[in-house]
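Below is one structure, written out as structure tokens; comments come after it.
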Amino acid sequence: MKDLFWMAVIVLFAAFSSCSDDKNDGTDEGVEAKLLTFGFYAEDNSSILSDDYIATLSSTTAKVTMPAFIDKSALVARFTTNDGNIVLVDGVTQVSGATANDFTAPVDYIVSNGKQNVKYTITVAKSSNMAWVRMPDFTATSVFSGSVLKINPVDQVPYLGFKLKEEEKMALAGFQWSCYSNDPIVPADSTLSLFYTGILDGNLSGAHTAYFQSQADEAKAMLRVEQSHFFPEISVGYTRQDILPLKNLNAWMIGVSFPIYFLPQKSKVKQARLTATSAQIQADANIRELRNKTLELEASLRRNNESLRYYTSSALKEADELTKAANLQLQQSETGIAEYIQSITTAREIRRGYIETVYQYNIAALEYELFK
């Protein structure tokens, strides 16, 4: 009897131990190793991201889409798992919202509950094509001029800036003044056109040179007048008058005058001679300045003509191609906003340089037409 009692006790203890082990194993395996959420948040990546990017999870993969221009070499991920799970990347324990990894290539996250390991492959993909939206019209466009594209260095967000039309206002005011008009003048034709003029290779304007020389000749003539006062002067006169009761009284007068004291006249001649010499020197200087100005304008016309040939033959075409390529790359998400703005700005600077060259050529051509 005693042996049967102890055998029953042993059987009952073994059965209780087996039930206890089964219950513990079920509890451990019940906490599944699973990644619940995954994403990249601007709060955790303040120097890289300006928006939050949430992953699309499946059984063993997670995919996040973001623009191609974002630097993916040191992104910090924020994730959640089941209670008690740990997350490893290349054997390194990951802390949500703190640990950075290089996501330029897919990264394997291992989620473990101690007995079960599940691998999730995290892939950062390029965003789909961007949607273009027309901006609303400004209500006061008259106070703005050409737009300026810039990137905010803090949050990497592009913005559009405008400059006031102060230069245009000053130009219109100067145009109104030059036309002696009391009312503002708006040109009827604002198209960009070239005022072509031929170059005469140093030939001077006959009207200008004749005017300058006439001033010197006038001073020389006054010198000759003063010198003539040294010679005797003969005067002849005739008068007819009525002195009642006499009528038709005729008279002839002949006179001769000659200088006695020559010193005052010598001073006048000397002054006239200095004036004539000064006038000739001034005329020569004006003609020389006119020649230098003409040569300078001819050089400016040749220089601007070469620049215009460069713009029309290659630069403007390159600007168009650069703009088309930048727009296409941005639509296909193959370039960043910063690179896009840089390309558009470069193209705009090329066109601005062309317009400035046309302006400089036209100004030189108009002046040259005046002096040649």
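Laboratory data are not the source of any read-out in this text; all were calculated from the coordinates shown. Owing to the predicted nature of the structure, the values given are computational and were not obtained by experimental measurement. Glycine gets a Cβ as well: all are built from the backbone with ideal geometry, and neighbour counts include every protein chain shown.
Worth pointing out:
- Taking amide hydrogens as placed 1.01 Å from N in the peptide plane, the amide H of Gly39 sits under 5 Å from those of Ala55, Arg78, each at least 5 positions away in sequence or on another chain.
- For the peptides 227-239, 61-73, the ranking by mean Cβ contacts within 10 Å, running from highest to lowest, is 61-73, 227-239.
- Euclidean distance between Cα centres, region 42-62 to region 333-352, Å: 28
- Cα centroid separation, region 76-92 to region 245-306 (Å): 102
- Phi angles across region 273-280 convert, under the Karplus curve 6.51 cos²θ - 1.76 cosθ + 1.60 with θ = phi - 60°, into 3J(HN,Hα) values of 5, 5, 5, 5, 5, 4, 5, 5 Hz, Gly and Pro given as x.
- Taking other residues whose beta carbon is less than 13 angstrom from the beta carbon of Ala105, and scoring Lys, Arg as +1 and Asp, Glu as -1, yields -2.
- Distance (nanometres) between label positions extended 7 Å along Cα→Cβ at Gln271 and Ala42: 8.6
- Using the Cβ-Cβ distance between Asp217 and Leu316 with R0 set to 41 Å, the FRET efficiency from 1/(1 + (r/R0)^6) comes to roughly 0.20.
- Spin-label model, Gln227/Thr239: points 7 Å from Cα along the beta carbon direction are separated by 3.7 nm.
- Taken over region 200-347, lysine pairs spaced eight or more positions apart, or on distinct chains, with alpha carbons under 30 Å apart number 4.
- Distant-in-sequence amide contacts of Thr81, defined by a placed amide H-H separation under 5 Å and a gap of 5 or more residues or a different chain, comprise Leu36.
- Summing charges over neighbours of Val124, with a neighbour being any other residue whose Cβ is under 9 Å away from its Cβ, gives +3 when K and R count +1 and D and E count -1.
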